[in-house]
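Reviewing the structure listed below.
The values are calculated or read from the model by the stated rules, or taken from the named source; none is laboratory data. Remember, it's a predicted structure, so these values are computed and weren't measured experimentally. Cβ placement follows ideal geometry from the backbone for every residue including glycine, while neighbour counts extend to all protein chains displayed.
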Amino acid sequence: MAAVLQPWQILLAALAGWISCQQDAVIEYLREENRILKQQLDRRRLRPTNHQRRRLVVRGKAIGRRALADVASIVTPDTILRWHRQLIAEKWTHKRRSPGRPRVMEVIADLVVRMARENPRWGYTRIQGALDNVGHRVGRTTVANILKENGIDPAPERGTRTTWSQFLEAHWNVLAAADFFTVEIWGPRVLVTFYVFFLIELATRRIEITGITPGPNEAWMMQIGRNLTDPVDGFLTEKKLLILDRDSKYSSAFQNLLKGSGVEVVRLPPHSPDLNAYAERFVRSIKDKCLNRMIFFGERSLRKATREFAAHYHTERNHQGLNNRLIEPDGREALTCGKVECVQRLGGTLRLYRHAAA
């Protein structure tokens, strides 16, 4: 007669079977880790492929998250679970083919833009014919759409309009720009806003700080205008054009004074600081390198700081826009040996390194 198993014996056998399955799963996982490690020995950082990740996911899933935390050695359980989610997502994500031939269209678009800019009077049909000459057959509408996407006008308007870059290039040597920036100065009790007015010569990047005041009224601006147009040493003596924004401080009387001295005023559109980029760049330089690093008590300290920075800007600061050269070299012969000295301004806020004179 067969023996009847007791409940505790059945439970023990089931537990032993479960432990055996669990151990087998752990062993399989560790074996898979070892295989991957051997394949990755020649790499400084483990970068398993999708196929290797899939194998680890399968083995890790059989172990379970809690047991996996004890045996995983090259990746964390969270990483394995993330790979699992990514593999599921990839299964249901279908790759979409982009229509047409993108590389060919890029070449055609570049040619259309180039032909339009180099030949302002060419219309859509003329450009279409030029493209056909070089082996690209496209429709007239395609040419029109490419020009529209790149912000290029049709032929009649394109031939009569001058871009801002073309204007600057044509008047480079007789063009200057002006602007204001503000600095806060501590007065007896409160902060007082001072306005600094400056001009910059675009061709050379030379600047002149023409005035500092807490109240730039019309009388003050008129005096500044007379100083700028002085026939002997005025900053605008050899200039024909001056770029100004729409600030109300540039009154009609101020503009008429400049025009009477032969300087034409070029007013920028509202809210267009990019068109006065050289002046804006100087404001950034003087504030970042000097003014924002100092606290001013009284107007005299601000005047000294701007005067020192102007000297540094002209004679000691290399300008990337001028091939990393100085605006006004001091004329001393460049030394290539000897002790290197540090020239400091404003307590070390501004520095220049050069060989000491013999």
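What to note about this one:
- The set of residues in the stretch 249-277 being assigned to a helix (DSSP H, G or I), closer than 18 Å to Ser165 by Cα and hydrophobic (A, V, I, L, M, F, W, C) consists of Leu275, Ala277.
- Residues of the stretch 196-241 that turn out to be of a type in the set (A, V, I, L, M, F, W, C), buried (at least 17 other Cβ atoms within 10 Å of the Cβ), in contact with a Phe, Trp or Tyr (Cβ under 6 Å, 6 or more places away or on another chain) and over 21 Å from Ala305 (Cβ atoms), as a count: 3
- Residues of the stretch 288-300 classified as in a helix (DSSP H, G or I) and either in contact with a helix residue (DSSP H, G or I) (Cβ under 7 Å, 6 or more places away or on another chain) or loosely packed, with under 15 Cβ neighbours inside 10 Å (or both), total: 5
- Among the conditions (1) surrounded by 14 or more Cβ atoms within 10 Å (Cβ to Cβ); (2) polar (S, T, N, Q); (3) in a strand (DSSP E or B), Thr193 misses just one, which is (1).
- Evaluating Pro188 against the criteria (1) at pLDDT below 90; (2) out of contact with any helix residue (DSSP H, G or I) (no Cβ under 9 Å at 6 or more places or on another chain); (3) part of a helix (DSSP H, G or I) leaves one unmet condition, (3).
- Qualifying residue in the stretch 227-238 (condition: touching a residue at least 60 places away in the same chain (Cβ under 8 Å), assigned to a strand (DSSP E or B) and out of contact with any Pro (no Cβ under 6 Å at 6 or more places or on another chain)): no
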